[in-house]
Amino acid sequence: MIRNFRDLTRYEMEQVDRENTIVLIPLGALEQHGSQAPLGTDDIIAEAMVAEIRRQLELEDPDFPMMLFPVIPLGLSTEHKHFCGTVTLRPETYYNLLYDTAVSLSRHGFKKLAFLICHGGNAPVVQVLSRELRSELGISPFFLSSGAFGHPDVQATVSEGNIWDFHGGEMETSMVMAVDESLVKLELSEPGIPTAFINNTALKTGGACSIGWVSEDWKTVDGKPIGIGGDPRGATAEKGRIIIETSAKVLISGLKEIRDWKV
Ligand SMILES: [Zn+2]
């Protein structure tokens, strides 16, 4: 059965098979996503993704053992911190927030945690955390990447010529539109390109030589820092629905592996 963690009473929680129930913890962020998409884009996508996972899973397997934790609305957004509206935790604050959350869940007997990463900047912290928690507490902290951006059905939604689509681009903007079109001001869209890396193959592909990028690396064609990658102008709600449905399908196969994982 899939339930919202916060809806249960203490008594109901005591009855849960906590050893085998997955706690799905969606990790959002509050950060700039260009002039066209809301600051809460990652949180909005996180909620939509979890709702779609639930919808698909309940049709397939109503007994699927999972608790949905509330979306953690702030994350590590250092790369965007100079753009207006971004609110970031420091890496150590974010690490400790997630660490303390996991320790609390472990104290009550939960063994399978699934961090759903809905903002790429959170990923390095979660990777470190997963290993530390596993080694210290003997629990199984998995992490899943929310958007199946490389999936052919998702790639097929991206407009021709939009080769840099990434943060705040067509795909993310489409997903917000699938939730609520009134949150997107598509007429303010401008494409962003990674000017700092455009002639540098090693950096661009994350090869042997790499650097942590900041949002200012992404500029408009006339050189204005814009902090988004790709061209949101082709975004539509229908594309967003395809991306969310496809991503949820991919995530469900991961969640089934977590269910079958022996701690
Ligand atoms: Zn985002």
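Looking at the chain, the DSSP beta bridges with both ends there are about 20 percent antiparallel. With 0.36 nm allotted per residue and the present C-alpha distance subtracted, the R259-V87 stretch has 58.5 nm of extension available.
The alpha carbon gyration tensor of region 205-247 gives principal lengths a ≥ b ≥ c with a/c of 1.5 or higher and a/b no greater than b/c, which makes the shape oblate. Listed values for region 83-100 are Karplus-derived 3J(HN,Hα) couplings in whole Hz (6.51 cos²θ - 1.76 cosθ + 1.60, θ = phi - 60°), namely 8, 4, x, 5, 10, 10, 8, 7, x, 6, 5, 5, 4, 5, 4, 6, 4, 5, and x replaces Gly and Pro.
When the chain is described by a simple charge dipole with +1 on each Lys and Arg Cβ and -1 on each Asp and Glu Cβ, the residue from S35, C118, G192 located farthest towards its positive end is C118. Where only DSSP H runs of four or more residues are counted, the chain gives -12000 deg cm²/dmol as its mean residue ellipticity at 222 nm, each run worth -39500 (n - 2.57). A quarter of the convex hull surface defined by the alpha-carbon atoms of region 160-239 gives 5.8 nm² as the mean projection. For region 77-104 versus region 1-69, the inter-centroid distance based on Cα atoms is 20 Å. Note on the chain: Kirkwood radius taken over Cα pairs, Stokes-Einstein applied at 10 °C and 1.306 mPa s, translational D equal to 83 µm² s⁻¹.
Among the listed pairs K81/K112; K112/K249; K185/K224; K185/K219; K81/K219; K81/K111, give every one whose C-alpha distance is greater than 26 Å. Intermediate values should be presented prior to the final figure.
Values: K81/K112 33 Å; K112/K249 20 Å; K185/K224 19 Å; K185/K219 19 Å; K81/K219 16 Å; K81/K111 34 Å.
Result: K81/K112; K81/K111 exceed 26 Å.
The numbers here are math on the coordinates, done by the rules we state, and not lab data. This is a predicted model, so every value here is computed, not measured. Every residue, glycine among them, receives a Cβ derived from its backbone with ideal geometry; neighbour counts consider all protein chains shown.
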